[in-house]
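Enquirer: I'd like to ask some things about the structure below.
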Amino acid sequence: MRSLGIAILASLTVTACSLPPFPPEGTGGMSGGTYFTGGVASAGGTSSTGGTSAVGGTISSGGVFSTGGTSLMGGTISDGSTFSTGGATSKGGTSSAGGTSSSGGTSAAGGSTGGAQVTLFAKVSAGGFYTCGLKMDGSIACWGGEGTTRGAPVQSPPDGLFTDVSVGWLYACGIRSDGTVVCWGNNAPTPPAGSFTQVSGTCGLRADGSIACWGGGASPPAGTFTQVSSGSPACGLRTDGSIACWGGGTVQYSEASPPSGVFKQVSAGMDYTCGVMSDGVVACWGAISSLMMRGAATPPSGTFSQVSCSVAPTYDQHTCGITSDGSVECWGDNSSGHASPPSGSFTQISAGALHTCGLRTDGTVACWGNSSNGASTPP
């Protein structure tokens, strides 16, 4: 389980959200929340090929798994300041300040038999009607729905261990621990065979750095990439820090024509795209002046570590980013409160359609915005 934790965190990425254009079913992109820098995944911590990876904390061959001060799998768990002394471990999936810890991905403030249990995650992906999260134990949990039975399968992800997950409107895709991609839900496309390290919508980053897309649409360019974000258009971050985009429903806004410069992350939305440049400044291009954007493509000043664009119905687009101090800042449409983030420190952000979710430094998920379908109510 310790080596699996390393594999999960090393391949995780703090991904940009990108959903398919509204409202296609079974095509387009989705939220990924993935962030790569030069091929090495990092999410609020450090990652290396030497066996140390972090999501707001540290995981090492010594058996201590930490996310912002929360330790799992090593017999010790803390809330960022107080450590338990019990040291007992189990496979039951609960941990507590009373001294019992496990790799199951949940913690109980009142002990293993009492108190509210909190599910701990390594990544979250907000989609059109659903949200899915990759739990610390490698399993996937999904919540939300569109109020009809055709979307129900998304709420029931396949069993097994995963390293990445990405949610769209009515389906989701994930990467299993062996590198293969599986998709589920309504009209879920069939992904190609092979080993992947990141998935976003109907595109994935192969282990050799090339990009493969499925389910129709334009083919990605050749070359080696460190990240892919599937929207309208889809974009990829090349190993030299430049961005290449392809496809898209329109060409009038030049959304597939990224600016020059060195970037460290990209997020493709609907008719616009945003990226974090090497100096932390967010740049957006595409339908910047379009009235339907409501400012979603006009980022604020300041420096950011990640940006996430939402592909939402007309006039509902919004964008969120994690600032250099770990707080979340959103801009664009806020009709459902989806651009009004809570306070606190985050390591990853994922903008859905009318809701947004973020991964806090302690491994818990916070969501805000439209709660009518349950997509903003994490377990």
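Just so you know, all these numbers are worked out from the coordinates, no wet-lab data involved. Computed from a prediction, not measured in an experiment: that's the story for all the values here. No Cβ is skipped: glycine too gets one built from the backbone with ideal geometry, and neighbour counts run over all protein chains shown.
Enquirer: Per the Kirkwood treatment, what hydrodynamic radius in Å, one decimal, follows for the stretch 179-287 from the mean inverse distance over all distinct Cα pairs?
Expert: After inverting the mean inverse Cα-Cα distance, the result is 14.0 Å.
Enquirer: Sort 351-362, 322-333 for me by packing, meaning the mean count of neighbouring Cβ atoms within 10 Å per residue, highest on top.
Expert: Result, highest mean first: 351-362, 322-333.
Enquirer: Beta carbons within 10 angstrom, averaged per residue: use that to sort the peptides 119-126, 205-212, highest first.
Expert: Order by mean packing, descending: 119-126, 205-212.
Enquirer: Moving on. For Ser195, which sequence-distant residues (separation of 5 or more, or a different chain) have an amide H within less than 5 Å of its own amide H, given hydrogens modelled in the peptide plane?
Expert: Ala207
Enquirer: If you average 1/r over all unlike Cα pairs in the stretch 119-200 and invert the result, what Kirkwood radius do you get in angstrom?
Expert: 12.4 Å
Enquirer: For the stretch 193-205, take each phi angle, set θ = phi - 60°, evaluate the Karplus expression 6.51 cos²θ - 1.76 cosθ + 1.60, and give the result in whole Hz per residue in order, putting x for glycine and proline.
Expert: For the stretch 193-205, the Karplus curve yields 6, x, 9, 10, 10, 8, 10, 8, x, 9, 10, x, 9 Hz.
Enquirer: Given a cut-off of 24 Å, what percent of all Cα-Cα pairs of the stretch 261-379 lie beyond it?
Expert: When all Cα pairs of the stretch 261-379 are counted, 19 percent exceed 24 Å.
Enquirer: Give the peptides 168-176, 304-312 in descending order of average Cβ contacts within 10 Å, highest first.
Expert: 304-312, 168-176
Enquirer: Can you list residues whose amide H is under 5 Å from Ala122's amide H, if they're 5+ apart or on another chain and H is modeled 1.01 Å from N?
Expert: Residues meeting the amide H criterion: Leu134, Lys135, Met136.
Enquirer: Amide H of Ser242 versus every other amide H placed in the peptide plane: which residues, excluding those fewer than 5 positions away on the same chain, fall under 5 Å?
Expert: Phe263
Enquirer: Something else about it: Over all distinct alpha-carbon pairs, what is the Kirkwood Rh of the stretch 314-379 in angstrom?
Expert: Kirkwood radius, the stretch 314-379: 11.7 Å.
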